[in-house]
Structures are given as structure tokens and as C-alpha cells.
Amino acid sequence: MSGKPFMPTSVDEHIGQRVQLRRTMMGLSQKDLAKICGVTFQQIQKYETAGNRISASRLFELSAALETPVSFFFSGLPGNMPEENRSGRPLRICDPKSEDPLGKNESLLLIKLYWKLPNDEQRKMIMQMLRALNGSE
């Protein structure tokens, strides 16, 4: 270890946000996810806020616990970018939450409520209503 304090990069922040997004979509608390992964809820909190970097093996465990491919956590990042530029400073990536509707709590609530509907027929009715309201029917 180089002795330098950990400085999260925008990639660390993005992955943490995607962990939080998927956890919320599944209706899990930080405590629930921590129990599944065998860590403390504080550790999950640090992952989500980029207070701690997520190792490759832990990311693999999280993908299994959250029932999603590892690639989900990288969705929205530019492809194959190094984390630092030649000056040694972390690269800044645009905040995906600014334009990403899935980054909004209202969207997560809508998704959660949609999947709580008791049957496919009700979900179909909701989709028809949304299409009609948006004029895309």
C-alpha cells in the first residue's frame, strides 16, 4: 500500500450508486443485503457512498445477492476508461443521476409498486394507461 489516503473515483461512486439502485429496486435494506453478503450494514453503506472501494470478488458476491450481472454496476460508464489521467488525478465522469430517471426515488417507487401488483393483467393495464397518457399508444 502506498500510504496515500483512499480517494474514491467517479467510477467508485458510480458503482456504489448502482449497488444502492439495485438494492432499492429489490426492496432490500442495507441490513438485509449485509446479512446476505456476510458483512455489516455499515460496510454496505460505505460501498454505496464510495467510502470503501468494492473489490472484484465482493462485486461478484453483490451481483449474486442482487440477482443481476456484474455488468449492471458498470452500466452508464464510458467504455474502458482508465481511472486516472496522465497527471495522476482521478478522471471525473458526468453524474449519471442528473439525467438518469432510474436515479430518482420516484422512479424506484414506481418500479417497486408496479412489480407488487398481484398479476400480469393489472401490470398490462398500467402500461396501457402510461402509453395513453404519453400519446404513444
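In what sequence, highest mean first, do 30-37, 108-115 appear when ranked by Cβ atoms within 10 angstrom?
Numbers: 30-37: 16.9, 108-115: 12.8.
My ranking of the peptides, most packed first, is 30-37, 108-115.
Multiplying the sequence separation of Leu77 and Trp115 by 0.36 nm and subtracting their Cα-Cα distance, what value in nm do you get? Each step should come with its number before you reach the end.
On the way: separation 38, 0.36 × 38 = 13.68 nm, distance 2.71 nm.
Length gained between Leu77 and Trp115: 11.0 nm.
Based on the alpha-carbon gyration tensor of segment 32-73 and its eigenvalue square roots a ≥ b ≥ c, which shape applies: rounded if a/c is under 1.5, prolate if not and a/b is larger than b/c, or oblate? Don't skip to the answer; put the middle values down first.
Details: a/c = 1.88, a/b = 1.23, b/c = 1.53.
Oblate is the answer for segment 32-73, as a/c is 1.5 or above yet b/c matches or exceeds a/b.
Read-outs throughout are calculated quantities, based only on the coordinates presented, and are distinct from any laboratory measurement. Keep in mind it's a predicted model, so treat the numbers as computed, not measured. Neighbour counts run over all protein chains shown; Cβ positions are idealised from the backbone, glycine included.
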